[in-house]
Each structure stands twice: as C-alpha cells, then as structure tokens.
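The values are calculated or read from the model by the stated rules, or taken from the named source; none is laboratory data. Treat the numbers as computed from the prediction; the structure is a model and nothing was measured. Neighbour counts are summed over all protein chains in view; Cβ atoms, including those assigned to glycine, are modelled from backbone coordinates with ideal geometry.
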Amino acid sequence: MHISLLYRILPSLILVVSPLTPASAQGSATMPELTAPAFAPAPTTAPTTAPTTAPPISGAVPPVNVPSTIPSTSVPPTVPSGGSPSAIPSVTLPSAAASPPVRAGALSIEALQRLGLEANGLVRAAGSQVEVAQAGVVRATAYPNPTVSVIGGPQHPRIPAANPATNTRQVTVSQTIENPFVRSARIGSAEAGVEASRASFHQVRADLAAQLRVRAYELLLRQEIARMEAGVFNLMEEVRRRIQVGVGVGETARFELIRADAEVLNAASRKEAALLNAQRARVALMQFTAGALKPDFAINASLFDPVNLPPLEQLRLEVPAVNPDVLRLEAESEQARLRIDQERASVLPSVDVVYSNYQDAQYTDNRGGLKVTIPLLYQRRGEINAAVADSARVRETLDYRRFEIGQLLESAWQGLQIAQRRVEMFEGGIIKEAENALQIAQAAYRFGERPLIEVLDTQRVLRGILAESLQARFDLQAAAAEIDRLRAYYPREQAQE
C-alpha cells in the first residue's frame with residue numbers, strides 16, 4: 001500500500017465516540033473508542049504507471065476559526081438514551097492508489113518540461129547565442145574584398161607652349177592574398193565556437209528541465225502535506241469539541257480542554273503554512289515557465305512515479321561523454337588551440353597583389369606588383385603568449401570539470417540509493433511500528449489507562465513519519481532529476497537551435 005494511502009486514512013484513526021449519556025450513567029466502558037483500520041503491507045516496487053493527482057490547491061488561504069480563549073464550561077445537551085450522537089466528519093485524503101480523476105488539461109512532467117523549454121527567455125537567449133556563433137563561421141570563411149582607388153584631375157604644363165593642358169586619371173586595384181594557414185585556423189576556431197555555443201545551449205536546457213522536474217514534484221509534495229494537515233486540523237477541531245462535551249458533563253478534566261485548544265491552534269498553524277508552501281511551489285513553476293502556465297494548472301504525476309535509470313557503470317561511461325558542460329569545454333579547448341595556430345601563422349609575411357593604370361594626354365601606363373608586409377620589428381609575441389595561456393586555462397578547467405562531474409554523479413547516485421533505502425525502510429518497518437504503537441495507545445485509552453492526549457501524541461508521531469516518508473519519495477525523484485541533468489536527458493523534440 002502506498003504511503004499516501006496511509007496518511008490519507010490517518011485522520012480517521014482518532015475517535016469514533018460512543019453515544020454520550022448523563023454523567024451518572026457513564027463509566028470506563030463508555031469512553032470514546034479509537035478505531036484504527038488495518039494497514040496493508042507496503043509494495044516492494046513502485047507502480048509502473050504514473051497515478052493521477054488531485055486538483056491543485058487554490059492560492060487563497062481560507063481563514064481558520066480557532067478558539068482564542070478557553071470556551072465556556074456550560075453543560076451542553078446530553079444525548080438521550082438510545083439516541084445516536086452526531087457522527088465525526090469523514091476526513092479522507094487522496095492517495096496514489098485512489099485519487100480523484102485528473103481534470104482535462106493536466107500536464108505530465110515531460111509536457112511541463114517542453115512547455116518551459118519553449119517559453120523560458122534564458123533558453124531563447126542561449127539559442128540566439130548559437131546563431132551568433134554560426135554567423136561568426138560565415139564571417140571566418142569570407143574572402144577579403146579588393147581595394148579600388150581612383151585618382152583624377154587636370155594637368156597644367158609649366159610652359160604652355162610646350163604641352164597643352166589636359167586631364168589625368170589613375171585607377172589602382174589591390175587584392176590581399178590570404179595566408180591559407182591563417183584562414184584554415186580561423187575557420188576551425190569559428191566552428192569550434194559554434195560547438196561551444198551549442199553545448200552551452202544544451203546545458204541551459206538540461207538545467208531548466210531538471211529544475212522544472214524537481215519543482216513539479218515539490219509542488220506535489222506540498223499539496224500532499226497540505227491535504228494531510230487540513231485533514232488533521234478538521235479532526236482536531238472535532239476532538240476538541242468532544243473534549244468540551246466531556247468537560248461539560250464532568251467526565252473530563254479542564255486541563256484536557258486546554259491542551260486540546262493548543263493542539264487546534266498548532267494544527268491551524270501547520271495547515272496555513274502547508275497551504276502557503278504549496279502556493280509558493282506553484283508560483284516557482286510559473287516563474288520557470290515564464291508565465292506560460294495558467295494559475296490553476298494541474299500536474300499529472302505522483303511522488304510514487306517509478307525511477308528508471310541505467311546502471312552506475314554505464315552512467316560513469318555515459319556522463320563524461322554527453323555532459324554539455326564537458327562538451328562545451330572540449331570545444332573551447334579546440335578553439336583555443338586553433339587560435340594559437342592562427343596567431344603563429346599570422347607571423348608569416350602577408351602579400352597584396354597591386355595593379356595600377358595611369359592615363360594622360362600622351363601616355364597610358366599599366367603597372368602591376370606585390371606588396372609584402374614583413375614582420376621584422378614585431379612578430380606578434382604578445383598575441384601568441386596570450387593564446388597559449390588561454391589554452392592552458394581552458395585545458396585545466398576541462399580536466400577539473402571532468403573530475404567534478406564524475407564526483408557529482410557519484411554523489412547523486414549515493415543520494416538516490418539513500419532515498420531508495422529510506423523509502424524501503426519507511427514502507428517496510430517504520431510505518432508498521434508506528435501503527436502498532438498507535439494501536440497499543442488506542443487499546444490503553446479504551447480501558448481508561450491513558451488519556452486521549454497521549455493517543456494524539458502517538459498519532460502525531462505517525463503523522464510525522466508519514467511526512468518523512470513523503471520527503472524520502474521527493475528526495476528520490478530529486479536525485480533522479482540530478483542524474484538526468486548530468487547526462488542531459490530531457491525532451492529534445494522541439495529544441496530550437
């Protein structure tokens with residue numbers, strides 16, 4: 001039986017009270033009786049299909065009416081003999097095994113990730129950076145343009161009788177012959193920049209997909225806790241009402257009513273905090289999707305969804321080969337190496353082909369030649385040293401990042417194993433022991449050996465264990481999301497590159 005089913009029936013574990021009779025007719029045998037439904041054994045594996053979830057909790061926190069002072073001790077009307085008292089309200093919470101149908105439009109985890117990846121502005125900005133890098137390749141492959149200069153003007157002889165006045169013009173065309181070593185290194189560096197930008201784009205998408213997945217399961221966790229706390233609050237109000245009846249007829253000490261008032265206030269505080277935490281988790285999801293989600297969206301998933309991951313040995317081989325951060329650093333390392341080649345090739349002399357045509361009244365002059373730039377005084381030593389240092393920086397960063405990602409994988413895997421072990425412990429023994437303790441306290445209460453408050457304390461312990469079991473389920477899903485982030489496993493069908 002799923003853990004959610006346990007705490008869903010938890011409020012019904014307290015108090016089914018027998019009909020109240022006048023004080024003179026009451027005895028230990030007529031004290032309120034606690035009934036605890038038997039718990040079924042917990043399953044050993046998670047369900048194969050993702051169960052549905054309940055409708056989301058609304059944003060507004062309803063006001064909670066709790067007594068501010070100790071109520072009056074006036075004796076309420078007793079129930080006539082043979083009559084039936086008002087029944088305790090049935091408080092049931094949704095569970096993974098039996099939950100209300102998910103309304104139309106509920107999003108699965110994968111659909112939520114796709115929506116966030118399409119709407120988030122940071123993802124779009126990373127995609128634009130890829131386009132910028134691709135434009136850099138176009139710029140790197142372009143050939144230099146020729147240079148054309150035209151010069152013309154009148155010509156006046158110093159001795160007019162010797163030569164008449166005329167006009168002259170000169171056209172000069174210059175074309176740079178690009179160094180093939182510089183060109184190939186420049187193109188390779190630009191292409192490596194595209195790969196680095198694309199890897200950064202995938203890193204942003206993988207990070208966002210993991211955050212969306214964790215936030216979605218956090219919302220489910222907060223909703224389950226909020227429903228549990230709401231049920232506990234309703235139950236504590238009913239318990240307090242019945243204790244007040246007992247105080248009125250003289251069967252219960254006033255001290256029990258004071259403790260019940262404190263329990264109601266505590267339950268109201270926990271209920272409001274749980275509702276606000278659920279609303280905060282909902283707002284966080286809307287933030288990551290850039291407002292693409294409706295305020296009343298629902299998630300078609302469960303904390304009991306199965307976790308499917310490859311073995312650890314396979315992950316150790318897969319993650320360093322596909323992690324976007326490692327791929328980005330590898331591309332940057334190649335880009336830095338090619339930049340060194342480019343700077344070293346720039347030391348070679350550059351050549352320009354020059355053609356000139358000159359015309360005047362008597363002559364036409366055609367000339368051609370070469371213009372060579374010789375690196376005699378400065379051989380780009382500063383640029384080469386800077387490129388070498390930058391390459392060393394990127395290489396050292398790559399080596400450390402590979403080691404770090406390997407350790408992150410090991411840590412996430414250990415966290416996954418710890419969460420899995422906690423889930424097994426809660427479902428296999430801890431919850432059963434807490435249930436047995438509650439049954440013993442109930443039996444002692446029925447025989448008048450323990451007060452009701454001690455039963456409530458035992459119930460509180462069980463409720464805390466159930467909340468911790470839900471937290472263990474959430475930790476399991478969060479660890480799986482971290483591993484998927486490291487191996488960049490997310491919906492890519494609609495990637496915009």
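Summary table below
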{"quantity": "Search result, residues across the range 109-137 that are within 30 Å of Pro306 (Cβ to Cβ) and of a type in the set (Asp, Glu)", "calculated": "Glu110, Glu118"}
{"quantity": "Condition check for Glu256: surrounded by fewer than 20 Cβ atoms within 10 Å (Cβ to Cβ), assigned to a helix (DSSP H, G or I) and in contact with a helix residue (DSSP H, G or I) (Cβ under 7 Å, 6 or more places away or on another chain)", "calculated": "yes"}
{"quantity": "Conditions (1) farther than 30 Å from Leu257 by Cβ; (2) modelled with pLDDT under 90; (3) among the basic types (Lys, Arg): number failed by Arg473", "calculated": "(2)"}
{"quantity": "Asn179 vs. criteria closer than 28 Å to Ala387 by Cβ, touching a strand residue (DSSP E or B) at 6+ places or on another chain (Cβ under 8 Å) and either among the hydrophobic types (A, V, I, L, M, F, W, C) or modelled with pLDDT under 95 (or both)", "calculated": "yes"}
{"quantity": "Subset of the range 323-341 (residues that are assigned to a helix (DSSP H, G or I) and under 17 Å from Gln407 (Cβ atoms))", "calculated": "Asp325, Val326, Leu329"}
{"quantity": "Only one of Phe297, Phe304 that is under 20 Å from Gln477 (Cα atoms) and not in a helix (DSSP H, G or I)", "calculated": "Phe304"}
{"quantity": "Counted residues, the range 395-414 - those being among the hydrophobic types (A, V, I, L, M, F, W, C) and free of Cβ contacts under 8 Å to residues at least 24 places away in the same chain", "calculated": "1"}
{"quantity": "Identity of the residue in the range 393-414, of a type in the set (A, V, I, L, M, F, W, C) and over 30 Å from Arg473 (Cβ atoms), that ends up surrounded by the most Cβ atoms within 10 Å (Cβ to Cβ)", "calculated": "Val394"}
{"quantity": "Residue satisfying condition, being in contact (Cβ under 8 Å) with a residue 60 or more places away in the chain, outside any helix (DSSP H, G or I) and either buried (at least 18 other Cβ atoms within 10 Å of the Cβ) or not acidic (Asp, Glu) (or both), within set Val123, Val130, Val173", "calculated": "Val173"}
{"quantity": "Inter-residue pairs, beta-carbon under 7 Å, first in contact (Cβ under 8 Å) with a residue 12 or more places away in the chain and in the range 276-288, second small (Gly, Ala, Ser) and assigned to a helix (DSSP H, G or I), 6+ apart", "calculated": "Ala278/Ala226; Leu285/Ala216; Phe288/Gly116"}
{"quantity": "Residue list for the range 350-394, restricted to those being touching a residue at least 60 places away in the same chain (Cβ under 8 Å) and assigned to a helix (DSSP H, G or I)", "calculated": "Val394"}
{"quantity": "Checklist (1) closer than 30 Å to Thr147 by Cβ; (2) assigned to a helix (DSSP H, G or I) applied to Ala206, failing item", "calculated": "(1)"}
{"quantity": "Any hit, the range 194-212, residues being crowded, with 21+ Cβ neighbours inside 10 Å, hydroxyl-bearing (Ser, Thr, Tyr), within 34 Å of the chain's Cα centre (by Cα) and under 30 Å from Leu107 (Cα atoms)", "calculated": "no"}
{"quantity": "Residue list for the range 427-457, restricted to those being free of Cβ contacts under 8 Å to residues at least 12 places away in the same chain and farther than 22 Å from Ala467 by Cα", "calculated": "Ala443, Ala444, Glu449, Arg450"}
{"quantity": "Meets criteria (exposed (fewer than 12 other Cβ atoms within 10 Å of the Cβ) and either within 21 Å of Arg183 (Cα to Cα) or in contact with an Asp or Glu (Cβ under 9 Å, 6 or more places away or on another chain) (or both)) for Gly368", "calculated": "no"}
{"quantity": "Any hit, the range 327-337, residues being surrounded by fewer than 21 Cβ atoms within 10 Å (Cβ to Cβ) and more than 30 Å from Ala209 (Cα to Cα)", "calculated": "yes"}
{"quantity": "Test: residue in the range 239-249 that is within 23 Å of the chain's Cα centre (by Cα) and part of a helix (DSSP H, G or I)", "calculated": "no"}
{"quantity": "Gln417 being loosely packed, with under 15 Cβ neighbours inside 10 Å, out of contact with any helix residue (DSSP H, G or I) (no Cβ under 6 Å at 6 or more places or on another chain) and either touching a residue at least 40 places away in the same chain (Cβ under 8 Å) or assigned to a helix (DSSP H, G or I) (or both)", "calculated": "yes"}
{"quantity": "Tally, over the range 250-293, of residues that are over 16 Å from the mean Cα position of the chain (by Cα) and hydroxyl-bearing (Ser, Thr, Tyr)", "calculated": "2"}
